[in-house]
Amino acid sequence: MRGGLGQLTAVVRGLVGREAGRDGVEPADRLDRWRTRDWHAALLDLPLDERTYEARFRAPRAREIEDLWAWWTGAGEDPDGSGAATRPGPVARGYLGVYLLTLVAVHCSDRVRFHGDARREVTVAGVTAEDLSRRLVADPAVRRALVALHAPAEVAGRTGSPAERERGERARREWDGLDLDSLEFYRHGTTSFILTGRCAEPVRGRTVRFALKCVIHPYLALPAIAEATRGYASEHGRPDATEGSPAAPVWASHDSWILMDLIEGPTLEEYLAHRSTGRPDPAREILRPVDTEALRQVGAPLLRALAELEGEGRRHDDLAPSNIIVGTDGAGGLRLRFVDLGVNHLHSRSIPGALPGDGAYVAPEVRQDGTSHRDADLYSLGMLLVAIAGIPHTADGTVPDQFYVASVGLARLLEDLTDADPRRRLLVVPVDPARNRFEQILRVFEDEVEILEQDGRDRPRGRFQRVRDLSPGAGTVGRQRRMLQVRSAQAARATGTAAHVVHLRQARRLRRWAWACAVLLWGVTALALTWWSRDLGLSWQARWFDVLDDVSGRVLPDLAFLDDVRSAGSPVPDLLGNLPVRLVTVTFALVCARLYLNVFAEVSTIVAPVRGSRPPVRAVVAEAGLRSLAVLPAFYALVPTLLHRDLWPVFTFVGILTVALVVQACLGFAHDANERARAAGLSSVPRGEVPTLGRLEGWQPVVALYLVPVAVIGTLLMLDVVQDELVYAGFVSLINVGIFYLKSAGTDAPMIRAGLGRAVLAAERLERLRGETRRAERDPR
């Protein structure tokens, strides 16, 4: 039997009874002769992944943990003394506890990194990994073994430069000042487990409690992790650091541990998991609301902490939820602090895109070469804001669709933070590189959150609100009015900076069109209801008709200005004769109004061009088409109502053709913008098909299929070849309401807004990229 880990696992199997009765079973008391360096060697040799462990020892690692834990909690006793020779002594038993603690820590790391489990929810041997580890460290024999394995005197002994020797002496001094009998288990990390305890005496006013991050032994076999641990205090520790720093003050580090202040509070990972508890899943993922309250309460403090860190001339490079501690600032708000600064070498050279666990937050350039980068924290910040908003990350690392539905401005900021190419981060957001970047990002972020708060679509939907959402405008005009007021206030506070002026102008322009659409909608509706009441012989009349009559000097029964232009072939009242035109024009007007207000009113394909450039033709055509939907449908409905009722088949066809052309113009713009963005290497656009844009593409065959019978039957009606006008009108009205009003302009609306919003921002980033290229050509320096 070979020594080291092989001998240790053989002894363990004998202890737990798995190999009882077999010849050659290693006696457990042999472990009593092992020295600390033997345990070091065995623990370093542990396989890090489950498959390698199972292939080497022919048993799942989880089963080994269960068997050893069962022995530890009960089978370690020998009441009759018959097995004394096969039981380890108290010293070896303590080391066996560390061995079990190491197995549990590696198992927990695997579950978090590769399976996406929350650390506190990882269970093994019927208990949580944290509870098992806590009970192990509470054993005095295990604590003594931990101290022996990690004591500087045991793992030192190297010769080196004066700086290295000084670092070692500092580690010994700090170690000697600890009350090691007070050690308790605190939590699991990615490559470590964290213990906490008290100092023997307060040192230089430092906090009495400390955190001791012990690297899991098998990870110390990786040179990059071992070296980073050894030099952590020199790299990230600051002798003058105080509790006011956003990063936890580091006392010392040595070959297998890092000693620092204990920062009380849950990690951001735990805080967000608790916040999401009990939150119902949406009926459709696209409708998952962005957590505006969390963005305000957590996102803003995160940016302030990053601004403080940058103000100290530092960066994190491994900014993940497990490395952020959530505390309070004393005034009722949250204060976020950072631990474990520096590159986590487990993430280097990993596959790009969203990874389980903390890997999703690591910048692609850090994953690629495992070194620190100036803009890595920008990427991590964007990914953290996505998580804080309660939205799952996408598989390819692009900004999730829900942000384009909720707020194009917030989606713009996230795109600008999470571009896979660090040279293209902060391409659109106005940031002066000579000033603190995170302070400037904070102002932009707070502006966009303020806009999102005024939107109101993320609020709980009561019965009344759900009914209101079925109305043509669904509150669009009021929402745009509120957002315009906020934009105006922001522009005033920012003294008219270029970005705020552009956003304000666009908000004003879109609101004018939405207002015009709403006014025309209600005008057409009032006119249709008035004409319908006349067909029914009712005396109701809108007041604005009275005004027109007074101006023209006419009185009822005629409606001046309107009845004068009506053809003699459209008599009023004539309920059955006018019913087709009333049904079709009203449903068509409602559909087009809802289509514009609920889908297109907040989309603009014209982005702010750089100096000396013009917007692409496709963008201009799409913009003209979108704005035409605000006014043309009302005209199409008014003409057959006011002039001649027999014109409704013509204008039905023209109206549907207009929608088809607008859809085609939008798709042409979106596909062109996305293809150019992919060719330029922008990571904000998915590599393959954009599902949300596919929903708009699905409109094309539906509209084309609708156009054919409308054209054919409408022509036959105009030629008096067919006479079933009311049946045809009913068919058209049902299609208008059932397909276009409820589905196309209703359930499809969030998908369409997301797809077009992503294309609009791709076009904007391309425009800014072109401007950067021109400036670089003019100034090669």
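Where a number appears in this text, it was derived from the coordinates with a stated rule and is not lab data. Remember, predicted model here, so these are calculated numbers, not experimental data. Heads up, the Cβs are rebuilt from the backbone with ideal geometry, glycines too, and the neighbour counts pull from every protein chain shown.
Points to keep in mind about this one:
- Here the residues Tyr706, Tyr379, Tyr404, ranked from fewest to most Cβ neighbours within 10 Å of their Cβ, fall in the order Tyr706, Tyr379, Tyr404.
- Charge dipole magnitude, Cβ of K and R +1, D and E -1 - the stretch 267-460, Cα centre, debye nearest 20: 40
- Taking Cys199, Cys108, Cys592, Cys214 and counting other C-beta atoms within 10 Å, the order from fewest to most: Cys199, Cys214, Cys108, Cys592
- Mean shadow area of the stretch 476-778 over all directions, Cα convex hull, nm²: 19.3
- Dividing the convex hull volume of the alpha-carbon atoms in the stretch 266-335 by its residue count gives 112 Å³ per residue.
- Arranged from fewest to most other beta-carbon atoms within 10 Å of their beta carbon, His217, His274, His345 become His274, His345, His217.
- Stretched out straight at 0.36 nm per residue, the stretch from Arg676 to Leu719 would grow longer than its current Cα-Cα span by 10.7 nm.
- Qualifying trypsin sites (Lys or Arg not before Pro) for the stretch 282-324 [loop in DSSP, other Cβ within 10 Å: at most 13]: Arg284
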